[in-house]
Amino acid sequence: MADPQGVLIVVERSDTGMAPITAELAGAGAQLAKALGQDLSAAVCSDSASSPGLVQAVGRLGVKRVFVAEHAALAGFQIEAHLAALEQVIKQANPRVVLLGKTVQGRDLGPRLAFRLGCGLAQDCVEIGWDQGRNTLQAVRPVYGGASQARVLVVTSPAFAALRPKAFEPVPETAGATAEVVKVAVSLDSIGPVAKLVNRTKQEAAGVRLEDARTVVSGGRGLGGPEPFKVLHELATALGGAVGASRAACDAGWVPYPYQIGLTGKSIGADLYIAIGISGASQHLAGISGVKNIVAINKDGEANIFKEARYGVVGDWSKVVPAFLQAVKEMASR
Ligand SMILES: Cc1cc2nc3c(=O)[nH]c(=O)nc-3n(C[C@H](O)[C@H](O)[C@H](O)COP(=O)(O)OP(=O)(O)OC[C@H]3O[C@@H](n4cnc5c(N)ncnc54)[C@H](O)[C@@H]3O)c2cc1C
């Protein structure tokens with residue numbers, strides 16, 4: 001067999017097409033491929049109805065080649081079918097590195113796929129690069145609840161890495177860009193007993209999705225109860241953003257768990273994050289490592305969040321936030 005070559009990203013689907021993580025994988029993958037002096041490819045596993053759209057979308061991300069496995073069993077996300085298809089795609093593509101998202105789908109696929117191929121996987125990577133000296137993939141991943149960072153080497157070939165959403169810059173789409181298409185004839189006849197998706201419940205949400213919001217106004221235990229979240233919603237609306245929360249606020253039942261940001265919540269990559277009454281525990285910070293500007297409002301000047309914040313206000317939220325909201329409204333009406 002020829003030596004493994006290049007970087008392969010696993011294209012992820014959403015309800016509406018290609019999931020945003022794919023552009024982040026392409027961004028990180030392109031840099032890695034450049035360091036290797038090799039090509040960037042993508043793997044699309046889908047049914048024949050959806051795959052042309054996905055191939056076009058991933059082509060606009062600048063990948064050189066798309067390996068396409070088409071099968072009726074790949075219409076939705078059925079884990080065993082996707083595992084079997086990807087295993088065959090990877091064997092044919094023979095890449096040096098495989099990148100997936102540390103998303104719900106990626107968490108399911110990555111470890112099982114790597115195990116099947118007898119390879120190593122670096123989970124939850126926030127940085128990746130190529131160690132030229134050791135000729136190996138190197139990755140940085142938060143450990144101990146985000147309190148520390150581990151630098152790991154994945155010495156197998158291919159080397160698998162699951163990338164944390166919002167930790168890598170998405171590659172912008174280039175209109176009209178296309179990729180070479182390589183069809184992979186996959187056999188899914190012997191996938192054995194399969195898990196069956198019996199129901200999907202979609203949470204109805206108004207406004208911008210937390211994961212996609214450029215501005216996030218977030219509340220913690222310091223708010224003292226559910227009521228103040230009304231003001232946070234007002235502020236988020238005035239700023240065109242979304243509302244998030246610390247785990248303490250979710251555990252207290254003040255807002256539902258989909259609001260939670262952090263290690264066991266969502267990772268966000270907003271331009272502006274306003275943390276109100278949040279102390280800045282490492283597990284919370286793990287979810288905002290991709291944020292560009294943190295503004296902290298906290299009555300304790302020693303709170304850890306101030307170490308991470310670009311701007312900080314030491315004060316009681318009940319005085320600071322309504323005054324800030326008023327100022328934002330006045331600016332908006334000018
Ligand atoms: C395995 C594990 C996973 C975890 N995952 C997550 C996670 O995903 N996300 C997460 O957030 N946490 C997570 N946690 C919990 C985390 O360790 C913290 O307990 C939590 O983040 C604290 O939330 P907080 O900052 O809202 O509360 P606190 O730490 O209690 O901080 C409240 C802050 O509010 C300030 N304050 C109080 N009154 C006011 C006022 N009137 N005005 C302004 N400021 C005020 C205080 O000075 C304080 O700094 C996890 C923990 C573990 C062990």
- prompt: Under 5 Å between amide H atoms, partner at least 5 residues away or on a different chain: which partners does residue 163 have, H built in plane at 1.01 Å?
  reply: 100, 101, 102, 125
message: Which one, 201, 156, 264, has the greatest fluctuation when you compute a Gaussian network model over the chain with C-alpha springs under 10 angstrom?
response: 201
statement: Of the listed links 91/183; 102/166; 230/292; 102/183; 266/307; 102/307, those spanning more than 19 angstrom between alpha carbons are 230/292; 102/183; 266/307; 102/307
- prompt: With all protein chains present and a 1.4 Å probe, how do 259, 273 order by accessible area, largest first?
  reply: 259, 273
message: Checking the a/c ratio against 1.5 first, then a/b against b/c, what shape does the Cα gyration tensor give for the range 30-130?
response: oblate
For the range 301-329 versus the range 173-204, the gap between their alpha-carbon centres in whole angstrom: 45
message: Spelling out what I want: for every residue of the range 277-288, take phi, set θ = phi - 60°, compute 6.51 cos²θ - 1.76 cosθ + 1.60 (Karplus), and round to whole Hz; glycine and proline get x.
response: x, 10, 6, x, 5, 4, 5, 6, 4, 4, x, 10
query: To the nearest 10 Å², what's residue 127's accessible area with a 1.4 Å probe?
result: 90
- prompt: Which order do 91, 34, 266 take by accessible area at a 1.4 Å probe, largest first?
  reply: 34, 91, 266
message: Once neighbouring chains are kept in place and the probe is 1.4 Å, which whole percent of the accessible area of the range 7-183 is contributed by carbon and sulfur?
response: 51
- prompt: Which of 168, 160, 115 moves the most in a Gaussian network model of the chain with Cα springs under 10 Å?
  reply: 115
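Please work out the FRET efficiency for the pair residue 204 and residue 332, using the Cβ-Cβ distance as r and a Förster radius of 25 Å; give the result to the nearest 0.05.
0.40
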- line: Non-local residues with an amide H under 5 Å from the amide H of residue 66, with H modelled 1.01 Å from N and Pro and chain starts lacking one, are 42, 180, 181, 182
message: Within the range 215-333, what whole-number % of the accessible surface is contributed by carbon and sulfur, with the 1.4 Å probe and all protein chains included in the calculation?
response: 54
Solvent-accessible ranking of 80, 180, largest area first, probe 1.4 Å: 180, 80
query: Mind checking which of 152, 58, 243 has the largest fluctuation in a GNM of the chain, springs on alpha carbons under 10 Å?
result: 152
task: Using amide H atoms built 1.01 Å from N in the peptide plane, name the residues 5+ places from residue 274, or on other chains, whose amide H lies under 5 Å from its own.
output: 216, 217, 218, 295
- prompt: Applying the Karplus parametrisation 6.51 cos²θ - 1.76 cosθ + 1.60 with θ = phi - 60° to the phi angles of the range 191-200, what ³J(HN,Hα) value in whole Hz is obtained for each residue in order, glycine and proline being reported as x?
  reply: 7, x, x, 10, 6, 10, 7, 9, 6, 10
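The values are calculated or read from the model by the stated rules, or taken from the named source; none is laboratory data. All values reported here derive from a predicted model rather than from experimental measurement. We place every Cβ from the backbone using ideal geometry, glycine too, and count neighbours over all the protein chains shown. With ligands, DNA and RNA removed, areas are computed over all heavy atoms of the protein, side chains included. Shrake-Rupley method; radii C 1.70, N 1.55, O 1.52, S 1.80 Å.
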